[in-house]
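S.K.: Before I ask anything, let me first share the structure, which is written out below as structure tokens.
The values are calculated or read from the model by the stated rules, or taken from the named source; none is laboratory data. What you are looking at is a predicted structure, and each value in this text was computed from that prediction instead of being measured. Cβ sites come from the backbone with ideal geometry, for glycine too, and all protein chains shown count toward neighbours. Heavy atoms of the whole protein, side chains included, go into the accessibility calculation; ligands, DNA and RNA do not. Shrake-Rupley method; radii C 1.70, N 1.55, O 1.52, S 1.80 Å.
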Amino acid sequence: MSQLDYRTAGESHGRALTILVEGLPAGLRVEVERINHELHRRQGGYGRGGRMRIEKDAVELHSGVRRGVTIGSPLVMQIANRDVRIDDAPPIHRPRPGHADLAGSLKWLATDCRETLERASARETAARVAAGALAAGLLAEFGVRCVGFVSSIGTAAAHVADTAAPDELIAARDANEVYAPDPAAVEPMVAAIRAAKQSGDTIGGIVEARVFNAPPGLGSCMRWQDKLDGRLMQAVGSIQAIKGVEIGLGFDATRRPGSQVHDAIHFDAVQRGGHNLGFVRPTNRAGGLEGGMSNGATVVVRAAMKPISTLMQGMDSVDLQTLQPQRSDYERSDVCAVPAASVVLENVVAFEIARAWLAKFAGDTLGEVKAAYEHYLAAVRGLA
Ligand code: EPS
């Protein structure tokens, strides 16, 4: 039995994005609508560019399921590209500062940045969303939900209560085109994106994901590779354009004394039957993770997305064929993909939680995974 893992393949203007997922238990119903819904959300958001009007992302299942249910075999999904022109697309000789163009061209000994950018493009995040949405289907079997949203765009910030329930967050987030669960933040965020567009510029922001109902004990402090905070940081930090990842208070923890950083431990017998097994924390500054393990509180992950590096106004660059100064290349691009990044974050985080879930509650079939989960909860309740 393999560990839950996935790989992606595909270029931005190649035929398709392909996702290979291994390690799912047999017996899980694959909800294609759930996956396509997330792909649709990823394509949206105020500030997206022309490509999203061309594509209509949806998955085709090629293997791993029988009659809509997993059978334990490697599962392959594909998202067809409509804008297929990798062989004919013009060369790009003037690297965009901030993109993979220059480093990749030097690394692969090319003067045409397209050799690099076709794979470096954030189009690859569609594949990660598909894998994560599939994994979210596993988590849903246990009542675990991951919700991603936009926390800020430029200096326009959403104010979101720490105690907001998942349905509340989703309803508020889905009610606007910047995916921010705060109606008062929408107008300033839209205005910030519009201002960036008018000046031929781009704008970044902060996205947040919260994972509800995860039990304590996902991840492990025994091997650095298994620490859940570390896994989350790697997965999130590898999303295109992400330059910072925080868990809970994150960097703000350094500005407070310990007593204002850590979360006191209380026991509430009434909640003993719940996923937190009765151990409640009046605050959640740790973002649900202590010692590389979930602690029963909501897992909170935030990521900083830099402004997209394809600027209409260009930036100083160098022509790789002549080594003469030139403005960087511009093709069509997004002005702001922060709303899309919140969808990518949600699903990338869901995949890592599912990976940790199956590491702790392993089983060849969904029934065995459920039995392992129930057995663990009962064992903890039997401790005292
Ligand atoms: C993207 C597809 C790309 C860009 C964007 C994200 O399409 P194209 O390059 O054909 O316009 O819109 O890519 C980038 C921001 C980037 O830096 O590469 C997508 O599907 O999300």
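S.K.: Residues to consider are V186, V178, V190; find the one that is assigned to a loop (DSSP other than H, G, I, E, B) and either free of Cβ contacts under 8 Å to residues at least 40 places away in the same chain or among the hydrophobic types (A, V, I, L, M, F, W, C) (or both).
M.R.: Details: V186 fails: assigned to a loop (DSSP other than H, G, I, E, B); V190 fails: assigned to a loop (DSSP other than H, G, I, E, B).
Every option except V178 fails the conditions.
S.K.: Which one of D174, D112, D167, D162 is acidic (D, E) and within 16 Å of the ligand (Cβ to nearest atom)? I'd like the intermediate steps shown before the answer.
M.R.: Values: D174 fails: within 16 Å of the ligand (Cβ to nearest atom); D167 fails: within 16 Å of the ligand (Cβ to nearest atom); D162 fails: within 16 Å of the ligand (Cβ to nearest atom).
Going through D174, D112, D167, D162 in turn, the sole match is D112.
S.K.: Being assigned to a helix (DSSP H, G or I), surrounded by 18 or more Cβ atoms within 10 Å (Cβ to Cβ) and either within 16 Å of the ligand (Cβ to nearest atom) or modelled with pLDDT under 95 (or both) is the requirement here; does T125 meet it?
M.R.: On the way: assigned to a helix (DSSP H, G or I): yes; surrounded by 18 or more Cβ atoms within 10 Å (Cβ to Cβ): yes; either within 16 Å of the ligand (Cβ to nearest atom) or modelled with pLDDT under 95 (or both): yes.
Answer is yes for this residue.
S.K.: Follow-up. Please specify each residue of region 59-73 satisfying the condition of being more than 16 Å from the ligand (Cβ to nearest atom) and among the aliphatic types (A, V, I, L, M). Steps first, answer last, please.
M.R.: So the first thing to find is which residues in region 59-73 are more than 16 Å from the ligand (Cβ to nearest atom), and the list is 60-73.
L61, V65, V69, I71, listed by residue number.
S.K.: Taking the residues in region 36-58 that are within 14 Å of the ligand (Cβ to nearest atom), closer than 18 Å to G132 by Cα and touching a residue at least 60 places away in the same chain (Cβ under 8 Å) as candidates, determine which candidate is surrounded by the fewest Cβ atoms within 10 Å (Cβ to Cβ).
M.R.: Of everything passing the filter in region 36-58, G44 is surrounded by the fewest Cβ atoms within 10 Å (Cβ to Cβ).
S.K.: Name, by its number, the condition in (1) more than 14 Å from the ligand (Cβ to nearest atom); (2) open to solvent by 30 Å² or more (accessible area, probe 1.4 Å) that does not hold for R85.
M.R.: (1)
S.K.: Identify, please: which residue in region 6-35 is among the charged types (D, E, K, R) and within 16 Å of the ligand (Cβ to nearest atom) and is, among those, most open to solvent (accessible area, probe 1.4 Å)? Even if it seems obvious, please write down each step before you answer.
M.R.: Just the residues of region 6-35 that are among the charged types (D, E, K, R), to begin with: 7, 11, 15, 22, 29, 31, 33-34.
If we keep only those that are within 16 Å of the ligand (Cβ to nearest atom) as well, we get 11, 15.
Numbers: E11: 73, R15: 199 Å².
It comes out as R15.
S.K.: I'm checking my understanding of the structure. Among residues of region 245-272 that are touching a residue at least 24 places away in the same chain (Cβ under 8 Å) and assigned to a loop (DSSP other than H, G, I, E, B), which one is most open to solvent (accessible area, probe 1.4 Å)?
M.R.: H262
S.K.: Name the single residue that is nearest to the chain's Cα centre (by Cα) among those in region 4-62 being farther than 25 Å from A120 by Cβ and hydrophobic (A, V, I, L, M, F, W, C).
M.R.: L4
S.K.: Hey, another quick one. Which of the residues belonging to region 88-109 are more than 10 Å from the ligand (Cβ to nearest atom) and assigned to a loop (DSSP other than H, G, I, E, B)? Explain how you work it out, then say what you get.
M.R.: First, pick out the residues of region 88-109 that are more than 10 Å from the ligand (Cβ to nearest atom): 88, 90-95, 97, 102-109.
The answer is D88, P90, P91, I92, H93, R94, P95, P97, W108, L109.
S.K.: While we're here: One residue is enough: does region 209-232 have a residue meeting the conditions at pLDDT 95 or above, of a type in the set (V, I, T), part of a strand (DSSP E or B) and within 16 Å of the ligand (Cβ to nearest atom)? Spell out how you get there, then give the answer.
M.R.: Taking region 209-232 first, the residues at pLDDT 95 or above are 209-232.
Add one more test, that the residue is of a type in the set (V, I, T), and what stays is 211.
Still in the running and part of a strand (DSSP E or B): 211.
Keeping just the survivors that are within 16 Å of the ligand (Cβ to nearest atom) gives none.
Checking region 209-232: not a single residue is at pLDDT 95 or above, of a type in the set (V, I, T), part of a strand (DSSP E or B) and within 16 Å of the ligand (Cβ to nearest atom).
S.K.: May I pose another question? Checking T155 against (1) among the polar types (S, T, N, Q); (2) away from the ligand (no atom under 13 Å from the Cβ); (3) under 24 Å from A235 (Cα atoms), which test does it fail?
M.R.: So T155 meets the others, but not (3).
S.K.: Does T310 satisfy the condition of being surrounded by fewer than 18 Cβ atoms within 10 Å (Cβ to Cβ), touching a residue at least 12 places away in the same chain (Cβ under 8 Å) and out of contact with any Leu (no Cβ under 8 Å at 6 or more places or on another chain)?
M.R.: Values: surrounded by fewer than 18 Cβ atoms within 10 Å (Cβ to Cβ): no; touching a residue at least 12 places away in the same chain (Cβ under 8 Å): yes; out of contact with any Leu (no Cβ under 8 Å at 6 or more places or on another chain): yes.
Answer is no for this residue.
S.K.: Just the residues that are open to solvent by 30 Å² or more (accessible area, probe 1.4 Å) and either farther than 17 Å from D229 by Cα or aliphatic (A, V, I, L, M) (or both), please, taken from region 281-295. So that I can check it myself, show each step before the final result.
M.R.: Taking region 281-295 as the starting set, the residues that turn out to be open to solvent by 30 Å² or more (accessible area, probe 1.4 Å) are 281-285, 290-291, 293.
Those that are open to solvent by 30 Å² or more (accessible area, probe 1.4 Å) and either farther than 17 Å from D229 by Cα or aliphatic (A, V, I, L, M) (or both): R281, P282, T283, M293.
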